[in-house]
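Structure, as structure tokens:
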Amino acid sequence: MECINQSNDLLFENKKGYSYQCELTNTIVVNFDGIITSYKIRDFLIFQRMVNSVNVLDMLYNLSDEGDFKLIEATKRNFSKELTICEIVQLRDLLNGTKFTLVLNSMVLEVLSDTVVY
């Protein structure tokens, strides 16, 4: 479900997709290669760790046809697709960039909330 809300905050974008935070549903919406999925923050972090755990080097050195693709499935079956090595790297970039932006935003909010105004 794509969040239709004017206060969506774009978190990260690359050539294969983008992600944003939906304030209305309190979810992270990821559009990767035309597949739109939304995640609660906990599910997003689980999915991000799972994609990062794919051993791309093993796939590169695997000369069989099965080594060219990897089935990536998300929690609660929001996302299920066989991806090539390049697509896995691009999805990893999108998810890691999104996580970085979320962490950066929370750090900035923490610093700003700790600032005392005189």
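Summary of values
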quantity: Residue list for the range 84-93, filter: hydrophobic (A, V, I, L, M, F, W, C) and closer than 17 Å to Tyr18 by Cα; calculated: Cys86, Ile88, Val89, Leu91
quantity: Members of the range 33-44 found to be without any contact (Cβ under 8 Å) to a residue 24 or more places away in the chain and assigned to a helix (DSSP H, G or I), listed by number; calculated: Arg42
quantity: Residues (modelled with pLDDT of 90 or more and small (Gly, Ala, Ser)) located in the range 64-118; calculated: Gly97
quantity: Failed item in (1) loosely packed, with under 15 Cβ neighbours inside 10 Å; (2) over 14 Å from Val30 (Cβ atoms); (3) in contact (Cβ under 8 Å) with a residue 12 or more places away in the chain, with Asn96 passing the rest; calculated: (2)
quantity: Of all residues making up the range 62-102, the number that are assigned to a helix (DSSP H, G or I) and in contact with a helix residue (DSSP H, G or I) (Cβ under 8 Å, 6 or more places away or on another chain); calculated: 14
quantity: Verdict on Phe47 being within 14 Å of the chain's Cα centre (by Cα), aromatic (Phe, Trp, Tyr), outside any helix (DSSP H, G or I) and modelled with pLDDT of 90 or more; calculated: no
quantity: Enumeration of residues in the range 7-44 that are more than 11 Å from the chain's Cα centre (by Cα) and among the acidic types (Asp, Glu); calculated: Asp9, Glu23, Asp33
quantity: Residue list for the range 23-49, filter: β-branched (Val, Ile, Thr) and touching an Asp or Glu at 6+ places or on another chain (Cβ under 8 Å); calculated: Val29, Ile36
quantity: Options Val29, Val51: the member that is more than 19 Å from Asp9 (Cα to Cα) and of a type outside the set (Phe, Trp, Tyr); calculated: Val51
quantity: Matching residues, the range 67-86, being charged (D, E, K, R) and either over 15 Å from Phe47 (Cα atoms) or in contact with a Leu (Cβ under 8 Å, 6 or more places away or on another chain) (or both); calculated: Asp68, Lys70, Lys81, Glu82
quantity: Any hit, the range 22-30, residues being of a type in the set (A, V, I, L, M) and either surrounded by fewer than 12 Cβ atoms within 10 Å (Cβ to Cβ) or part of a loop (DSSP other than H, G, I, E, B) (or both); calculated: yes
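The values are calculated or read from the model by the stated rules, or taken from the named source; none is laboratory data. Quantities reported herein were computed from a predicted structural model and do not represent experimental measurements. A quick note on method: Cβ atoms are made from the backbone with ideal geometry, for glycine too, and the neighbour counts reach across all protein chains shown.
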